[in-house]
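Student: Below: one structure in structure tokens.
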Ligand SMILES: [Zn+2]
């Protein structure tokens, strides 16, 4: 060190103080994500497990994109998060809720599937130091045309919170190729790949000591599910595996947590079986779809929420699927 560097500068402590003050002010003045005003709350389920219940309905300015659930599990060695909500702003609110409960580091995020309402908050957890885990069947999704279209749609509806200045799409740190079990802080987690069902990459998470199942969109509680172009045969197989876990509590992707998980799993399973049985028979007898649809007695499901919106399309998609299956495709 040259002797000159030992010369005291009377201003330096003051300068350091000013720099720190400026830094602190800049942190306060520019929060990284525009805040949401919807009520993002953490509800304790049992033991280590919590969930953040989303609001009802499709993405809208009114719900600020807060329409899916997320969950988290607190262990002495860190926090495991399941799904990240529908925007960075919502995820930032969720991190605040976690911070109110524990100072433990957020270690890992499991993304159930790559639908906008479940993964748009991922970057916030990554910034907080977490690793993102997802199933490799989602590899192509992030850069796909469908993902670009969905993003444009989200910017249009939720531009205050989702726009090019706020939204990033980090790649997962780890692509899972199948079922993966791990332990953190003495808590055992079973990650199950149950796709292709609701999506090819569907993952669910079972917290073994709590017997809590975070089920993503595989289960629709108390309502007719949206089957979309799902492969209902695989979906049924997945539901049987989840029933075998005998969960005590189940957190679906949408709607409240269920204290009768096996009943809810069975309802979804019976509905899919019913669709396949009725539409399969129509295909076999070469009855055109409209005629087949009108001939079915939908009485068991008619009074359930989402029947009007979803049932006919579900039946039609199942009809097409059964046609394909009958041709051995
Ligand atoms: Zn979904």
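Student: Residue 287 versus residue 233, label points 7 Å from Cα toward the beta carbon: distance in nm?
Tutor: It is 2.2 nm.
Student: Multiplying the sequence separation of residue 44 and residue 273 by 0.36 nm and subtracting their Cα-Cα distance, what value in nm do you get?
Tutor: 79.1 nm
Student: Here's another thing I want to ask about it. If you average 1/r across every pair of different Cα atoms in the chain and take the reciprocal, what Kirkwood value do you get, in Å?
Tutor: Computed over Cα pairs of the chain, the Kirkwood hydrodynamic radius comes out at 21.7 Å.
Student: Then there is this: For the range 43-218, what is the relative contact order in percent, using Cα pairs closer than 8 Å and at least 6 residues apart in sequence?
Tutor: RCO, the range 43-218: 20 percent.
Student: At 7 Å along Cα-to-Cβ for each site, give me the label-to-label distance between residue 100 and residue 326 in nm.
Tutor: Taking the two extended label points, one gets 5.6 nm.
Student: Next question, about the same structure. Starting from the Cα gyration tensor of the range 205-329, take the square roots of the eigenvalues, sort them a ≥ b ≥ c, and report rounded, prolate or oblate (rounded when a/c is under 1.5, otherwise prolate if a/b is larger than b/c, else oblate).
Tutor: Judged from the Cα gyration tensor, the range 205-329 comes out prolate (a/c at least 1.5, a/b above b/c).
Student: Percent antiparallel among DSSP beta bridges with both residues in the range 43-218, to the nearest 5?
Tutor: 70
Student: Still on this model: What is the angle, in °, between the Cα long axis of helix 261-284 and the longest principal axis of the Cα atoms in the chain? Nearest 10 is fine, range 0 to 90.
Tutor: In the chain, helix 261-284 runs at an angle near 50 degrees to the longest axis.
Student: Can I ask one more? Shape verdict for the range 124-200, please, from the Cα gyration tensor: rounded (a/c under 1.5), prolate (a/b greater than b/c) or oblate.
Tutor: Oblate, since a/c reaches 1.5 and b/c is not below a/b.
Student: Could you give the spread of the C-alpha atoms of the range 43-218 along their three principal axes, from largest to smallest, in whole angstroms?
Tutor: 44, 34, 28
Student: Sort 248, 221, 126 by Cβ crowding within 10 Å, fewest neighbours at the top.
Tutor: Ordered from fewest to most neighbouring Cβ atoms within 10 Å, 248, 221, 126 come out as 248, 126, 221.
Student: Report relative contact order for the chain in percent, whole number only (criteria: Cα-Cα under 8 Å, sequence separation at least 6).
Tutor: 13
Student: May I ask you to compute the full-extension gain from residue 294 to residue 56, defined as 0.36 nm times their residue separation minus their alpha-carbon distance, rounded to one decimal in nm?
Tutor: 82.7 nm
Student: Let me ask something else. Using DSSP, restrict attention to beta bridges with both residues in the chain and report what percent are antiparallel, rounded to the nearest 5.
Tutor: 65
Student: Any idea what the relative contact order of the range 155-252 is, in percent, if you count C-alpha pairs under 8 Å spaced at least 6 apart?
Tutor: Reported relative contact order: 22 percent.
Student: Specify the residue with the greatest mean-square fluctuation among 33, 120, 293, computed from a Gaussian network of the chain linking alpha-carbon atoms under 10 Å apart.
Tutor: With Cα springs under 10 Å in the chain, the top fluctuation among 33, 120, 293 is at 293.
Student: Next question, about the same structure. Against the longest principal axis of the chain, how steep is helix 12-29, in degrees 0 to 90 to the nearest 10, with axes from Cα atoms?
Tutor: Between the helix axis and the principal axis of the chain, the angle is about 20 degrees.
Student: Pick from 264, 160, 285 the residue whose mean-square fluctuation is largest in a GNM of the chain, springs joining Cα atoms under 10 Å.
Tutor: Ranking 264, 160, 285 by mean-square fluctuation puts 285 first.
Student: What is the angle, in °, between the Cα long axis of helix 232-244 and the longest principal axis of the Cα atoms in the chain? Nearest 10 is fine, range 0 to 90.
Tutor: With both axes taken from Cα atoms, the answer is about 70 degrees.
Student: Another one. Which of 295, 42, 91 moves the most in a Gaussian network model of the chain with Cα springs under 10 Å?
Tutor: 295
Student: Determine the calculated [θ] at 222 nm for the chain from helices alone, applying -39500 (n - 2.57) to every DSSP H run no shorter than 4 residues and normalising by the residue count; nearest 500 deg cm²/dmol.
Tutor: That comes out to -12000 deg cm²/dmol.
Read-outs throughout are calculated quantities, based only on the coordinates presented, and are distinct from any laboratory measurement. In this text, all values refer to a predicted model and were calculated from it rather than measured experimentally. Cβ: placed from backbone, ideal geometry, glycine included. Neighbour counts: every protein chain shown.
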